[in-house]
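Undergrad: Provided herewith is a single structure, encoded as structure tokens, for subsequent inquiry.
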Amino acid sequence: MDKVISCMYKKPNATTRLICFPWAGGGSIFFANWGKLFDESVEVYSVRLAGRESRSQEPFAQNMDQIVDEVSQSLLPHLQEKTFAFFGHSMGSFTSFATALRLKEKYGLEPVHLFVSGVSAPHSKTRYPIQRRSDMSDEYFLHWMAGSGGTPVEVLQNKEAAKLFIPPLKADIRVLESFIYEKPAAHVLSCGLTCFDGASDNPHDLEAWKDLTSGDFNIYKLPGDHFYLKDPANQKQLVSHVTKYLENFEMTYL
């Protein structure tokens, strides 16, 4: 599991695991550090995709199914020990949803809550037609990412960092371009679903996420742009919201 899943702050007495999925081009470190923000009741796992960090020599995933297969198999032995929830930002919202769907359909397992952030629902009309960006030259690709707000400013301002960032980012964008999901005829999940977004980010069709679950549904917008969640004050708010929902589930379950 250590290859695919990072857990920097192990909490053997935790009652719930929060499994976090990175944005396009992202690694596991940012969310792995969330482990220190939660109390002892929540243990944080962070997904590490192929082609980055300790897996830098591995080929990038070619499609969403490949990511979901690997993550599901890595998590499966640990999902029946205690309750679990998913949190994904941007591309991570899609990978977390697709993984949740696979776990429910194939193994009868479902997160107690799905937290998605910074992106329209996978079936939203705002996603289609999907324009191919991954084939752009690096120069035009970075220019587009800068305009879309989908790249951290510190990367855009550092040419050496950009050179390292572009390959995994393009690989992930290629996965997103091939990820097609049609609106389901009925709800495919039953867990609660909460959407977060930056108030100054490009508009996202968050309401459409409601089509995917019969569980409770909520939307929260926090100050900032696409990477609003990097702000310490916003992280505090996110931790508070996530903790509240997980505690409410525990009270209902008991």
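Undergrad: Quick check on this structure: which one of VAL112, VAL119 is closer than 21 Å to GLY26 by Cβ and either of a type outside the set (Asp, Glu) or modelled with pLDDT under 95 (or both)?
TA: Exactly one of VAL112, VAL119 is closer than 21 Å to GLY26 by Cβ and either of a type outside the set (Asp, Glu) or modelled with pLDDT under 95 (or both), namely VAL119.
Undergrad: Then there is this: Looking only at residues in segment 174-230 that are assigned to a loop (DSSP other than H, G, I, E, B) and of a type in the set (D, E, K, R), which one is least open to solvent (accessible area, probe 1.4 Å)?
TA: It comes out as ASP201.
Undergrad: Restricting to segment 121-138, what's the tally of residues that are open to solvent by less than 10 Å² (accessible area, probe 1.4 Å) and over 28 Å from GLN73 (Cβ atoms)?
TA: Final tally of qualifying residues: 1.
Undergrad: So, one more: Out of the residues in segment 131-157 that are at pLDDT 75 or above and in a loop (DSSP other than H, G, I, E, B), which is farthest from GLY118 (Cα to Cα)?
TA: It comes out as SER137.
The values are calculated or read from the model by the stated rules, or taken from the named source; none is laboratory data. Note that the coordinates shown come from a computational prediction; the quantities given were computed from them, not determined experimentally. Neighbour counts run over all protein chains shown; Cβ positions are idealised from the backbone, glycine included. Quick note on the areas: whole protein, heavy atoms, side chains included, nothing else; ligands and nucleic acids left out. Shrake-Rupley method; radii C 1.70, N 1.55, O 1.52, S 1.80 Å.
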